[in-house]
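Worksheet: the structure to be examined is printed underneath.
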Amino acid sequence: MRVFNTIIAFMMTTCVGVICIFFIRALKIWQYTELDKKSAEGGSYKDMGGVIFLSFLCSSSVSLINNILVGLIRRFSLTERHETITKMNVSVAFKLTIARFLNNSVILVMANEDPKKWFRGGSLCYDAYILMLMMAF
């Protein structure tokens, strides 16, 4: 029963991660379209408020997904019926470490797939910076 519940927890975590990937990728496509429009018009960095807002929205969604994952993983770890509370806490910590690593780093890199655009305004570096600020608070 514990193995079955562990598999369900990993599957649910994976589903939440996949949804996050698609949502952030859609936002990034929209952001790159807006960025290309602004660049074609000759806009400066100050004129790119919408592009920066979309980057903020991406980082906010990653932070929100992190909070959802905490509740989801804790709930499913309770159903695994560990012998001790310590074993349950170790299970939660292990799963959260994997889920947060994938959500905080891998998803952002996958959403910003073109390395040539990583350092443009409102791209991967900006997303990571905003995400670190959100996680600090």
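The conditions are (1) in contact with a helix residue (DSSP H, G or I) (Cβ under 7 Å, 6 or more places away or on another chain); (2) closer than 25 Å to ILE107 by Cβ; (3) at pLDDT below 75, and GLY49 fails exactly one of them. Which is it?
(1)
Return the total of residues in region 52-110 being surrounded by fewer than 19 Cβ atoms within 10 Å (Cβ to Cβ), charged (D, E, K, R) and assigned to a helix (DSSP H, G or I).
Number satisfying all stated conditions: 4.
Would you mind stating whether PHE119 is assigned to a loop (DSSP other than H, G, I, E, B) and out of contact with any Gly (no Cβ under 6 Å at 6 or more places or on another chain)?
yes
Is it true that GLU34 is at pLDDT below 80, more than 19 Å from MET135 (Cα to Cα) and part of a helix (DSSP H, G or I)?
Yes; evaluated as a whole, the condition is true for this residue.
Working only within region 80-137, note down all residues that are at pLDDT below 75 and of a type in the set (Lys, Arg).
Correct list: LYS117, ARG120.
Does ALA93 meet the test of being small (Gly, Ala, Ser) and out of contact with any helix residue (DSSP H, G or I) (no Cβ under 6 Å at 6 or more places or on another chain)?
Yes: the conditions hold for ALA93.
Where the second residue is modelled with pLDDT under 75 and of a type in the set (Lys, Arg) and the first is under 10 Å from LYS28 (Cβ atoms) and lies in region 109-137, which pairs have Cβ atoms under 7 Å and are six or more apart or on separate chains?
Once the first residue is under 10 Å from LYS28 (Cβ atoms) and sits in region 109-137, its partners that are modelled with pLDDT under 75 and of a type in the set (Lys, Arg) give SER123/LYS117.
The values are calculated or read from the model by the stated rules, or taken from the named source; none is laboratory data. As the structure is a computational prediction, the values presented were derived from the model and not from experiment. Backbone-built Cβ (ideal geometry, glycine too); neighbour counts: all protein chains shown.
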